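Trainee: Okay, here's the structure, questions in a sec.
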Amino acid sequence: MVEEVKGNNTREVVLRLFQAVVLFSIIFPIFWFTNVQSITLYLTTIKLHDSINEIVSDTKDIIEKLNISKSLQRAYTQRTVKAIPKERPQNCDECFSRNFQFLINNENICKSVNGSVEILILITSSPQNILARNAVRETWLTFSEKNKGNIRYAFLLGESVKFKEIEKENYLTKDIVLGNFKDTYNNLTLKTLMGFQWTVKHCKNAKFVMKTDDDMYVNIPSLIRAIKKNTHTLQSAVGGHCFAAGKPNRDRDRYASIRSYPQRAYPGFCSGTGYVTSLNVVIKIVNISVNVPFFHLEDVYVSLCIRQLGFRLHPLNGFMDEHRFDPCIYTNDNLVTVHHVSVTMLRHIWATPCTKREKNI
């Protein structure tokens, strides 16, 4: 009986063990497959999440770059729009207010024992033209008695890479005024206005002012006679080689674009190679210039200021005569200025015995 019970128990254990094995053999693959899939799905999800983050990050970069590109395009467009200048108006309200700084200054040029200077000659020059400046100093500017006589002068220059050389030159000559603008052809108006401002500030004892260039011959005795004959007229006029009218050149020398000067004609002008006026007119040009828009041709710009002032241009005989090879002609009483005179020719004129010299002027 006991053995029968043991047999039944053994069978029951074996049966349950078999059932457990069968159940395990069924459940374990399902469990294993499910977990592997879960793990795979989990890993895939992680990878997908990382990929999405990368896509989002790349998208942000692209959007940021697009925004930057749009900003740059916007800025470029704005700059381009600003770079296209509007047509120059005929007048304005303080649109050209410029107070120049004198980086090289000789404020004592016009100091005088008797308090007055008859003529101040402002000579526009380029930094590299030291030979021309020396030639002028040693020829027709000798009438200034080294800036101690009744006639005084100053060379007008702008900034350049030759600044140190100009400083050395000025250390010896004490006759240069250099302003805070780039020395270029298109800045001749700035150079002339700088000279006028310097005159108003440091040479108010001058009665008359002449503006000329460093490639000119100026017959000082004839200049003095011309001024004496026109003393009253020059109180409200600029005199020299003047044109009643002129047309802007659109395709050659003295070029003026339609934007820079939309009008079809200039209101007349006196050649910038040499003109003369009174201190009174110079002061008024400086004052009115703030309301006269910039124009790069300085002689035309000065005439625009003259028109605004209600003053006039006054033709004077002897200004801007043709260059001639006979040096004795340059002492003619009717000749005042000659343009495009080389350094060699200028020295030849001065060294020729037939040339008259009027010491007491």
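The values are calculated or read from the model by the stated rules, or taken from the named source; none is laboratory data. Owing to the predicted nature of the structure, the values given are computational and were not obtained by experimental measurement. No Cβ is skipped: glycine too gets one built from the backbone with ideal geometry, and neighbour counts run over all protein chains shown.
Trainee: Please go through segment 171-188 and pick out each residue that is in contact with a Leu (Cβ under 8 Å, 6 or more places away or on another chain) and in contact (Cβ under 8 Å) with a residue 60 or more places away in the chain.
Mentor: Within segment 171-188, the subset in contact with a Leu (Cβ under 8 Å, 6 or more places away or on another chain) is 176-181, 183, 188.
Across segment 171-188, the qualifying residues are ILE176, VAL177, LEU178, GLY179, ASN180, PHE181, LEU188.
Trainee: Next question. Can you tell me which of (1) surrounded by fewer than 17 Cβ atoms within 10 Å (Cβ to Cβ); (2) within 23 Å of TYR301 (Cα to Cα); (3) not small (Gly, Ala, Ser) is the one CYS203 doesn't meet?
Mentor: Checking CYS203 against (1) surrounded by fewer than 17 Cβ atoms within 10 Å (Cβ to Cβ); (2) within 23 Å of TYR301 (Cα to Cα); (3) not small (Gly, Ala, Ser), the one that fails is (1).
Trainee: With the checklist (1) buried (at least 17 other Cβ atoms within 10 Å of the Cβ); (2) over 22 Å from ALA237 (Cα atoms); (3) of a type in the set (Lys, Arg) in hand, flag the one item ARG307 doesn't pass.
Mentor: Every listed condition holds for ARG307 apart from (2).
Trainee: Check PHE295 against each of (1) over 17 Å from GLN197 (Cα atoms); (2) out of contact with any helix residue (DSSP H, G or I) (no Cβ under 7 Å at 6 or more places or on another chain) and name the one condition it does not meet.
Mentor: Failed condition: (2).
Trainee: Output the residues belonging to segment 130-141 that are more than 25 Å from the chain's Cα centre (by Cα), assigned to a helix (DSSP H, G or I) and of a type in the set (Val, Ile, Thr).
Mentor: Within segment 130-141, VAL136 is the sole residue that qualifies.
Trainee: Can we say ASP299 is crowded, with 17+ Cβ neighbours inside 10 Å and under 19 Å from ILE220 (Cα atoms)?
Mentor: Numbers: crowded, with 17+ Cβ neighbours inside 10 Å: yes; under 19 Å from ILE220 (Cα atoms): no.
Against the criterion (crowded, with 17+ Cβ neighbours inside 10 Å and under 19 Å from ILE220 (Cα atoms)), ASP299 does not qualify.
Trainee: Looking at (1) in contact (Cβ under 8 Å) with a residue 60 or more places away in the chain; (2) part of a helix (DSSP H, G or I); (3) within 18 Å of PHE96 (Cα to Cα), can you tell me which one ASP299 breaks?
Mentor: (1)
Trainee: Could you go through segment 258-278 and let me know if any residue there is hydroxyl-bearing (Ser, Thr, Tyr) and over 26 Å from the mean Cα position of the chain (by Cα).
Mentor: Step one: list which residues in segment 258-278 are hydroxyl-bearing (Ser, Thr, Tyr), which gives 260-261, 266, 271, 273, 275, 277-278.
Narrowing the set further to residues that are over 26 Å from the mean Cα position of the chain (by Cα) leaves 277-278.
Yes, that holds for at least one residue.
Trainee: I'd like the full set of residues that are at pLDDT below 95, exposed (fewer than 12 other Cβ atoms within 10 Å of the Cβ), out of contact with any strand residue (DSSP E or B) (no Cβ under 8 Å at 6 or more places or on another chain) and polar (S, T, N, Q), limited to segment 80-130.
Mentor: Of everything in segment 80-130, those that are at pLDDT below 95, exposed (fewer than 12 other Cβ atoms within 10 Å of the Cβ), out of contact with any strand residue (DSSP E or B) (no Cβ under 8 Å at 6 or more places or on another chain) and polar (S, T, N, Q) turn out to be THR80, SER97, ASN99, ASN114.
Trainee: Would you please name the residue that is nearest to ALA256 (Cα to Cα), looking only at residues in segment 309-338 that are in a helix (DSSP H, G or I) and at pLDDT below 95?
Mentor: Step one: of segment 309-338, the residues in a helix (DSSP H, G or I) are 309, 327-331.
Those left that are additionally at pLDDT below 95: 327-331.
Details: PRO327: 36, CYS328: 38, ILE329: 35, TYR330: 34, THR331: 36 Å.
Selected residue: TYR330.
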